[in-house]
Structures are given as structure tokens and as C-alpha cells.
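Report on the following structure.
Coordinate-derived values only; no laboratory data. The shown structure was predicted, so the numbers you read here are calculated from the model rather than taken from an experiment. Every residue, glycine as well, gets a Cβ built from its backbone with ideal geometry; the counts of neighbours run over all protein chains shown.
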């Protein structure tokens, strides 16, 4: 059983649809890239965990260690 | 776009038509000056953050171009140079241009704020507002000085690039702004003197048509004289240096000589040599801007090796 249903609009809109696909992929790439760069720039990865809005006892420095 | 109109026209807009809404040629100048503003700043920027910053500035500039085309579709239709733009030629619906312009403006400003800082994003937002609302909707059709004040929109990119890197505004970035701001009127009026325009038919007040060509020639000279101290002053700041200064002196003398030549001509002389001098000065004005910004870039490159600067 073939699932392929080709409509005339698919051919007509092909250029646009692929264009939007490429733009969305680029956008995802940019957001991912920014995330990676910004996290690495933090230096200490624990700072990233600190942006979590939940209390994280394991990232609070123990007394006497720092 | 409604289904009805889709059946009426057989043409389907493709990505190229939407891209043309963003005024790619204007965008390339924006990318260049913004990149220089970012690279000459004393604060190093991560290459990827810098890339995203420039991309946002370019997309923001493109978005304001789309908004301009949406607003100006009625007069673009009347002028030969602009009649082939996507909206007047019927390839793109006006509503689509408005939607794309607004959406891209939002994306560019928000992403720039998240990737860099709020000052850079605010400057970008103001630039889009200034070009789309202040220039396109108000100045362009109301005063022959539209190009003078509207030139500010094109002058912001290096300032935004600087803000991306430093998060601030300083004398250097203000002078880079001033350089493009003061350069725009003589550059544009030199063009207006030799291009047979139909601005009059579209009802857009252009200095050549409202005050005549002689007044325009005088204005080219006055604004070029006012431009010189800005260009040389930029050379005395922390981003200038002996190399920039040498380039600036040569280019300013060249441009000034052209402006003086223009101011001494009349319509008969222009017709006689087919606007040779005006065309030449217009070209010089292009070299002028590129040379100044390339010289700034070169000074920044020299500084990496402990050279350049004062």
C-alpha cells in the first residue's frame, strides 16, 4: 500500500518549503551553537547548573573547601 | 494570501522573491560596516557570537528593507528603478512583506539581545524603527532633507557592531556613525545629479527637483567640507593611527576636489560631457567609505602585532 499522496500544491510550493526547511535548520544550528559557546564561556560548568531554579545542594560549596 | 487570489495568479513566489525584499545590496554594506565596528573594538568577541551578532544586524536591516517596500509599494510602482521590486511587480503580496518585515525584526532584535547585550539590541531596534517609520513613513515624502536625516539609519551598523563587542557607546563608535551620516548626503546627491529620476512623478521631494540642481551642487560641497573633520577626527581616537590618517588625508582631498569640481559646474557643462564629473565623484564617494573602514580594519590588524595606533 503506498502512502504517497502527491498534490499539485506540493510541486508548486517545493521551492518555498525547502527554503523554510533550510532556514529552520540554520536557526536550530544557531541556537545550539550559542548554547554551546555560552556554556563553555562560563568556565565552570557548575554555574550552568546554577541557572536551574531549583535548589541544588550538590553545587553549594561545602564549608571549609573554598 | 487568500485562496481566491492564489487561484487568480499562476505565479508562486519563491525564496528568491522573499530574499529580494531584504534589499541584499544594502545588506552587504551593512554587514561590512558592522563587521568593522565589531572587529576594531578593543574587546575580543568569540567568533561564533560575533557571527550571530552580524547576522542579526543584517537580518534586522533586511527586515527594515521589507517594511520599507511594504510602505512604499505605491510610489515604487511609479518609478522605473523600483517598478521591478517584488511587490510592485506582483510577485509578493504587500501583506506578506509586512509579515516578513515584522517577524524578522522581532527575531533579529530578540536573538541579538540573547546572544550579546541589551544595548546592541536596543540600537538595532531603534535603527529598524528609524528606517521603517521615521524615514520611510514620514521624512521621505515630506522633506527634501529626507536623505540627510534618513542617513542615520545607514550609519548605525558600525555602532551596533561596536556595542556587540563592548556593550557600550564611546567616542569611537559615535564618530564611525558620524562618518557614514555625513557621507550619505554628498554621496547620494552626486548620484541624484546624473541619474534621470522620476521621483517627481512619484511625488517624492528630492533636492534636485525641489530646489534645483545648482542648490544641490552647493549642498554636495558644503556637506563634503563638513565631512572632513569627522573623518580626520576619527583618526585621532584609539582606533585610528598613522596609516588611517594617511588614507583619510588622501581620500578627503580627493573627495573634496570632486565636490569643488561639481560646485563649479552648471547644467550646460553636465550635458556637454554627459555628467562625467558627477559620475566620477559618485565612484570616489564609494571608494571613500570603503577606504576609511578598510583602513580602520588594517589598524586593528596591526595592533595585534603591537603596531598601529598612536
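If I build a Gaussian network model for chain B, linking alpha-carbon pairs within less than 10 angstrom, which residue out of B:279, B:262, B:171 has the largest mean-square fluctuation?
Maximum among the listed residues: B:171.
Using a Förster distance of 25 angstrom, determine the FRET efficiency expected from the C-beta separation of residue A:54 and residue B:118, and round it to 0.05.
So the FRET efficiency works out to roughly 0.40.
Residues of the stretch B:38-73 with backbone nitrogen within less than 11 Å of a virtual label 7 Å along the Cα-to-Cβ line of residue B:14, please, listed as ranges.
In the stretch B:38-73, the label zone of residue B:14 (backbone N under 11 Å from the point 7 Å along Cα→Cβ) covers no residue.
Rounded to the nearest 0.05, what FRET efficiency do residue B:283 and residue B:83 give with R0 = 22 Å and r taken as the Cβ-Cβ distance? Could you check? Could the numbers behind the result be given before it?
On the way: r = 26 Å, r/R0 = 1.17.
That pair, residue B:283 with residue B:83, gives E of 0.30.
GNM on chain B, C-alpha springs below 10 Å: top fluctuator among B:181, B:107, B:48?
Result for chain B, Cα springs under 10 Å: B:48 fluctuates most.
Which FRET efficiency value, to the nearest 0.05, do you get for residue A:62 and residue A:42 by plugging their Cβ-Cβ distance into 1/(1 + (r/R0)^6) with R0 = 25 Å?
Working: r = 21 Å, r/R0 = 0.84.
With R0 = 25 Å, the Cβ-Cβ based efficiency is 0.75.
For chain B, with a Gaussian network of springs between Cα atoms less than 10 Å apart, report the residue from B:146, B:280, B:14 with the top mean-square fluctuation.
B:14
From the square roots a ≥ b ≥ c of the eigenvalues of the alpha-carbon gyration tensor of the stretch B:16-168, which class results: rounded (a/c under 1.5), prolate (a/b over b/c), or oblate?
Numbers: a/c = 2.24, a/b = 1.73, b/c = 1.29.
Verdict is prolate for the stretch B:16-168.
Assuming 0.36 nm per residue, please report the length gained on full extension of the stretch residue B:138 to residue B:254 beyond their Cα-Cα distance.
Extra length from residue B:138 to residue B:254 when fully extended: 38.3 nm.
Run the simple label-point estimate for residue A:22 and residue B:294 please: 7 Å along Cα→C-beta, distance reported in nm.
3.0
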